[in-house]
Amino acid sequence: MGRLQRKKTSGAKKKKKKSVASAATQNVQKAADVREKKTARAVARSKKAQAAKSVASKKQPPAISSATAKPKTNMVQTAIQFLREVKIELKKVTWPSRKQTIGSTAVVIALVLIISMFLGIVDIGLSNLIRVVLQ
């Protein structure tokens with residue numbers, strides 16, 4: 001607990017600041033390079049997807065009779081995917097213990113009772129005041 005720390009000389013402090021600053025700029029440059037590569041890949045993918053769509057749209061005739069069945073299947077698949085994602089997110093939740101839940105519930109109930117009593121007293125007081133003023 002009682003360690004003695006030596007004071008750094010001002011030269012050592014400056015060197016450390018410079019090295020930290022240069023490391024930070026290098027990290028920023030690396031992050032920018034990674035972002036540029038990702039955007040380039042995304043653009044390339046979107047161009048390929050557009051080209052594939054244009055080729056596919058030329059081959060298929062417009063107005064297919066199975067289009068009415070497609071949204072139902074798509075909606076069911078979307079609902080199933082949503083429920084899967086909900087399950088995954090619920091696994092990440094940190095659930096409170098039984099003791100914490102009971103304590104929090106007691107606090108909420110007590111505050112609701114206190115506030116409702118306060119508002120009831122204010123309501124009765126204001127209604128009596130208005131009765132007196134109107135008579």
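Every number here is computed from the coordinates shown, using simple stated rules; none is lab data. The shown structure was predicted, so the numbers you read here are calculated from the model rather than taken from an experiment. No Cβ is skipped: glycine too gets one built from the backbone with ideal geometry, and neighbour counts run over all protein chains shown.
What the table below lists for this structure:
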| item | result |
| --- | --- |
| Charge context of Val93, other residues only, Cβ under 14 angstrom, K/R +1, D/E -1 | +1 |
| Gln50 versus Ile124: modelled label distance in nm, points set 7 Å from Cα along the beta carbon direction | 7.3 |
| Förster radius 25 Å - calculated FRET efficiency between Gln81 and Ala42, Cβ distance, rounded to 0.05 | 0.65 |
| Full-extension gain in nm, Gln135 to Thr73, via 0.36 nm per residue minus C-alpha separation | 15.3 nm |
| Label-to-label distance, nm, for residues given as Glu89 and Leu113 (7 Å Cα→Cβ offset) | 3.6 |
